[in-house]
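The values are calculated or read from the model by the stated rules, or taken from the named source; none is laboratory data. Given the structure is predicted, the values throughout are model-derived calculations rather than measurements. Here the Cβ positions follow ideal geometry from the backbone for every residue, glycine too, while neighbour counts run over all protein chains shown.
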Amino acid sequence: MTSAESLAGLEDEASALDAADALGACRDLFIGAESPLVYFDGNSLGRPLRATAERLERFVRDEWGGRLIRAWDESWMRLPYAIGDEIGRVAIGAAPGQTIVGDSTTVLLYKLVRAAFDAQVAADPARVELVVDTDNFPTDRYVVEGIAAERGGRVRWISPDPAAGVEAGLLAEAVGPQTAVVVLSHVAYRSGYLTDAPALTRIARDAGALIVWDLCHSAGSVPVEADAGGLDLAVGCTYKYLNGGPGSPAFAYVATRLQSRLAQPIQGWMGAADVFAMGPSYRPGAGMSRFVSGTPPVLAMIAMQDTLALLGEVGIEAVRAKSLALTSFALRVADELLGPHGVTVVSPRDDAFRGGHVTLSHPAMRAVTARLWAGDVIPDHRDPDGLRIGLAPLSTSFAETLRGLVATRDALHAETA
Ligand SMILES: *Cc1c(COP(=O)(O)O)cnc(C)c1O
């Protein structure tokens with residue numbers, strides 16, 4: 001088969017997949033859908049919905065401009081809880097009263113990991129280890145190192161295969177009577193490896209440890225089942241697959257059974273038992289309120305509501321099905337078009353272990369990425385040789401995916417010629 005025939009075959013396949021796509025119409029709801037630009041970074045900064053532009057305008061004019069400070073009582077004070085519950089319902093499988101929206105992922109991670117560590121050490125002073133993997137996102141590793149230094153803890157490192165992730169056996173070897181807290185990503189930010197969160201949570205629990213899950217690369221793309229899977233604690237981003245906008249605040253999940261046992265370190269007035277009593281000293285509030293510190297970033301948390309509403313309509317299972325169809329199509333195209341140029345796949349090929357993005361490896365990928373950006377094809381480069389293709393299921397088509405990979409082949413050709 002000539003390469004022209006093979007490309008025509010892939011184009012037919014992409015058209016057929018788009019025509020049969022149950023979520024195909026969602027793409028037109030996003031700003032920029034009409035442009036030929038290829039967006040492979042919806043897992044890093046999601047595209048905005050058209051409805052969001054209207055929502056923000058309405059918010060400034062009517063709510064902020066019209067209701068002024070009265071809106072705090074009328075609705076804004078409840079937003080961290082109301083939007084949190086919605087994230088719980090449509091994205092992470094959490095019943096109400098366990099999820100809040102608040103600070104950045106980094107800050108919420110610090111608050112939850114430190115709260116968990118302190119509670120564990122208080123119950124058993126021998127539990128001084130924090131377990132994290134060498135391939136985890138930098139902020140997760142840095143927060144864990146910082147808490148260990150600050151609280152007299154010890155870090156135990158897991159070293160997974162960078163093309164895969166933290167498998168059950170690796171965790172089982174790392175935890176024991178010395179473990180306080182484990183910090184893991186549900187979907188690895190580089191390889192896209194999807195862990196079995198309930199199984200790993202059971203391993204940690206059997207060893208007496210708590211796990212804090214980082215859901216940044218799964219929320220809005222992979223079903224989480226926080227309650228059904230028995231998760232302890234979790235944090236996640238809202239500016240990735242939840243399209244909350246640059247720097248939109250993160251969410252935190254704390255299982256009901258743990259909430260009253262935990263005290264987080266950034267004691268602020270908004271997390272106190274009676275916010276407006278302005279009392280002489282801090283008493284933590286009930287339920288999730290104790291995990292809040294200061295005034296909610298209202299303007300920054302409203303945009304995500306449009307994607308949450310859309311997710312509620314279509315269902316996270318349909319999103320996951322589309323995500324798997326997109327990533328497996330991308331892998332097939334990569335094998336066919338890029339494999340002959342020496343590109344290798346460093347993401348799991350097994351659907352059960354693959355999240356919403358795939359990473360392709362070649363020594364020229366840094367230069368290839370620069371070339372692609374110049375031509376309006378926007379993937380991510382991840383050190384050392386990775387080209388990361390994020391495929392946001394609600395806003396990405398199969399034809400777009402193919403166009404981007406053909407451009408990658410051409411850029412690679414130009415770089416290595
Ligand atoms: C994107 C991402 C973060 C980002 O944390 P911020 O505090 O929002 O900068 C954290 N963890 C993981 C796994 C991520 O992918």
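Worth a mention:
- So Ile378, is it in contact with a helix residue (DSSP H, G or I) (Cβ under 8 Å, 6 or more places away or on another chain), within 24 Å of Val166 (Cα to Cα) and buried (at least 18 other Cβ atoms within 10 Å of the Cβ): no
- Residues in region 85-97 that are touching a helix residue (DSSP H, G or I) at 6+ places or on another chain (Cβ under 6 Å) and either among the polar types (S, T, N, Q) or not in a helix (DSSP H, G or I) (or both): Ala94, Pro96, Gly97.
- Scope region 254-268; condition assigned to a helix (DSSP H, G or I) and buried (at least 16 other Cβ atoms within 10 Å of the Cβ); matching residues: Leu258, Gln259
- Of the criteria (1) away from the ligand (no atom under 16 Å from the Cβ); (2) farther than 25 Å from Arg382 by Cα; (3) touching a residue at least 24 places away in the same chain (Cβ under 8 Å), which one Gly169 fails: (3)
- Every residue from region 287-325 that is touching a helix residue (DSSP H, G or I) at 6+ places or on another chain (Cβ under 7 Å) and polar (S, T, N, Q): Ser289, Ser293, Thr295, Gln305
- Criterion (more than 16 Å from the ligand (Cβ to nearest atom), at pLDDT below 95 and either more than 16 Å from the chain's Cα centre (by Cα) or part of a helix (DSSP H, G or I) (or both)) met by exactly one of Ala149, Ala115, Ala163, Ala82: Ala163
- Test for Ser328: is it outside any helix (DSSP H, G or I) and touching a helix residue (DSSP H, G or I) at 6+ places or on another chain (Cβ under 9 Å): no
- Scanning region 62-73 finds no residues that are buried (at least 23 other Cβ atoms within 10 Å of the Cβ) and either within 16 Å of the ligand (Cβ to nearest atom) or within 24 Å of Ile266 (Cβ to Cβ) (or both).
For (1) in the same structural domain as Ala188 (by TED's automatic domain parsing); (2) charged (D, E, K, R); (3) closer than 23 Å to Pro160 by Cα; (4) modelled with pLDDT of 95 or more, each residue gets a yes or a no:
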{"position": "Asp351", "(1), (2), (3), (4)": "no, yes, yes, yes"}
{"position": "Thr359", "(1), (2), (3), (4)": "no, no, yes, yes"}
{"position": "Trp373", "(1), (2), (3), (4)": "no, no, no, yes"}
{"position": "Gly386", "(1), (2), (3), (4)": "no, no, yes, yes"}
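- Failed item, numbered, when Arg55 is tested on (1) under 29 Å from Ala228 (Cβ atoms); (2) assigned to a helix (DSSP H, G or I); (3) touching a residue at least 12 places away in the same chain (Cβ under 8 Å): (1)
- Filtered residues of region 202-253 (kept if away from the ligand (no atom under 16 Å from the Cβ), part of a loop (DSSP other than H, G, I, E, B) and surrounded by fewer than 24 Cβ atoms within 10 Å (Cβ to Cβ)): Ala207, Gly208, Pro223, Glu225, Asp227, Ala228, Gly229, Gly230, Asp232
- Restricting attention to region 172-201 and to residues that are closer than 19 Å to Val113 by Cα and out of contact with any strand residue (DSSP E or B) (no Cβ under 9 Å at 6 or more places or on another chain), the residue that is farthest from the ligand (Cβ to nearest atom) turns out to be Pro177.
- Sole residue being buried (at least 16 other Cβ atoms within 10 Å of the Cβ), in contact (Cβ under 8 Å) with a residue 40 or more places away in the chain and outside the structural domain of Ala303 (by TED's automatic domain parsing), chosen from Leu109, Leu23, Leu79, Leu37: Leu23
- Only listed residue being closer than 19 Å to Val224 by Cβ and of a type in the set (A, V, I, L, M), chosen from Ala126, Ala122, Ala116: Ala116
- Every residue from region 118-146 that is buried (at least 22 other Cβ atoms within 10 Å of the Cβ), away from the ligand (no atom under 16 Å from the Cβ) and among the acidic types (Asp, Glu): Glu129
- The selection criterion, being outside the structural domain of Val346 (by TED's automatic domain parsing), touching a residue at least 40 places away in the same chain (Cβ under 8 Å) and in contact with a helix residue (DSSP H, G or I) (Cβ under 6 Å, 6 or more places away or on another chain), does not hold for Arg190.
- Search result, residues across region 269-312 that are assigned to a helix (DSSP H, G or I) and hydroxyl-bearing (Ser, Thr, Tyr): Ser289, Thr307
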